[in-house]
Amino acid sequence: MDQDSPRERAAATPPPATDRGTNAEGSAKNSRGKRLRAIIISLVLIGAALFAAWRWYSNMRRYVSTDDAYVDANRLNISSRTLGRIVYLGADEGDTVAAGQVLVRLNVNDLQAQAAQAKAVLSLAAENVGLARISLARAKNDRDRAQLQFKSQTLTAEQFEHAQSDYETAKSKLAIAAAQVTTTQAQIAVIDTSLANATIVSPMHGVVSKRWVLPGDVVQPAQPIFSMYDLDSVWVTANLEETKLTRIHPGDSVRIRVDAYPDQGFFGRILQIGTNTAAQFSLIPPNNASGNFTKVTQRVPVKISIAGDAPVSLLPGMSVVVKVTL
């Protein structure tokens with residue numbers, strides 16, 4: 001029989017019992033450590049979930065919030081009241097303008113020519129009134145003499161009727177001349193109004209947000225030239241769900257966060273709760289009379305003031321997140 005080598009005998013020899021016990025004890029400790037770590041992680045996750053749920057419940061009870069909100073302000077469209085070609089624009093987009101500042105001038109050459117023509121017609125009409133008065137005075141004297149002669153039977157009835165007719169004709173001519181004077185004066189007043197409307201001034205202090213035309217363009221009456229915002233009167237319009245309206249009231253305190261200034265906090269109060277849903281003034285209002293009606297929670301616009309003077313520039317249209325304190 002072949003003899004085994006010492007190396008083979010050493011490999012075939014089983015390890016001592018003490019080594020097997022040490023390995024089993026180490027495996028048990030590692031298993032307990034893994035279970036302990038899993039339990040700790042589970043407890044941390046459960047605690048975080050409970051804390052988040054508590055915060056959410058607290059916010060639901062104490063606040064009503066929405067991110068469907070934006071900065072709003074009074075907007076005014078500057079338009080022309082008369083037809084004309086623009087020869088001057090006194091502001092551009094982004095410019096701040098003062099009340100009474102000249103914004104637009106229209107070409108007035110045609111209006112000035114019409115005014116000169118109307119004044120000439122008025123002068124002629126005034127001369128016609130003078131001639132008509134002279135003719136009326138002469139016709140009246142002829143009528144009075146004819147009346148005396150007719151009473152003394154030295155003038156025929158036909159001749160008296162002619163004198164009376166001439167007198168009535170002279171009266172009518174004077175009335176026509178006077179009416180022409182009045183008509184021409186009214187025409188001059190219309191031209192003067194058009195001349196005044198050819199210069200357009202700013203009705204308020206604000207900022208130009210949009211310029212719609214350029215110098216040289218011909219504008220029609222009521223055609224927008226500038227769009228302006230009154231930055232002295234700025235508020236927040238928040239569209240809140242109709243199911244939350246019973247929890248808010250005018251005067252409630254509101255926390256405001258503007259996306260453009262995430263580090264700056266603002267505060268305000270509810271000024272007014274809308275009297276209709278925002279969908280009523282949409283391009284296509286909903287028609288709930290159809291048979292496939294799907295109920296959708298509507299939103300109602302709520303007007304919120306901004307307390308004090310904002311340290312930063314709040315521009316209309318900026319996105320806002322509001323939180324109403326109940």
Seminar exercise, completed: Screening ALA10, ALA28, ALA52 for residues that are more than 30 Å from LEU106 (Cα to Cα), at pLDDT 80 or above, outside any strand (DSSP E or B) and small (Gly, Ala, Ser) leaves only ALA52
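For (1) over 30 Å from ALA116 (Cβ atoms); (2) surrounded by fewer than 17 Cβ atoms within 10 Å (Cβ to Cβ); (3) in contact (Cβ under 8 Å) with a residue 40 or more places away in the chain, each residue gets a yes or a no:
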| site | (1), (2), (3) |
| --- | --- |
| LYS171 | yes, yes, no |
| LEU174 | no, no, yes |
| ALA178 | no, yes, yes |
| ALA196 | no, yes, no |
Exercise. Within region 272-305, can you find the residues that are under 17 Å from ASP68 (Cα atoms) and either of a type in the set (Phe, Trp, Tyr) or touching a Phe, Trp or Tyr at 6+ places or on another chain (Cβ under 9 Å) (or both)?
Worked result: PHE281, LYS303, ILE304, SER305
For this session: Could you look through region 211-237, keep only residues that are assigned to a strand (DSSP E or B) and of a type in the set (Asp, Glu), and pick out the one that is modelled with the lowest pLDDT?
Result: ASP232
For this session: Scan region 113-132 and report the pairs whose first residue is under 19 Å from ILE176 (Cβ atoms) and whose second residue is modelled with pLDDT of 90 or more and basic (Lys, Arg), with Cβ atoms within less than 9 Å and a gap of 6+ or a chain change.
Result: none
For this session: Kindly list the number of the only condition in (1) closer than 30 Å to VAL236 by Cβ; (2) surrounded by fewer than 17 Cβ atoms within 10 Å (Cβ to Cβ) that fails for SER65.
Result: (2)
Exercise. Looking at region 238-326, what strands (runs of 3 or more DSSP E) fall wholly within it and have at least 2 residues that are touching a residue at least 60 places away in the same chain (Cβ under 8 Å)?
Worked result: 253-258, 299-304, 319-325
Seminar exercise, completed: Conditions (1) modelled with pLDDT under 90; (2) among the basic types (Lys, Arg); (3) part of a strand (DSSP E or B) -> ARG85 fails only (1)
Exercise. With respect to ALA196, is the statement that it is hydrophobic (A, V, I, L, M, F, W, C) and modelled with pLDDT under 90 true?
Worked result: no
Seminar exercise, completed: Flagged in region 198-218 as touching a strand residue (DSSP E or B) at 6+ places or on another chain (Cβ under 6 Å), of a type in the set (A, V, I, L, M, F, W, C) and in contact (Cβ under 8 Å) with a residue 24 or more places away in the chain, in numbering order, are ALA198, ILE200, VAL201, MET204, VAL207, VAL208, VAL213, VAL218
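The values are calculated or read from the model by the stated rules, or taken from the named source; none is laboratory data. The model shown is predicted, which means the values in this text are computed figures rather than measured ones. Don't worry about glycine lacking a Cβ; one is built from the backbone with ideal geometry, like all the others, and counts go over all protein chains shown.
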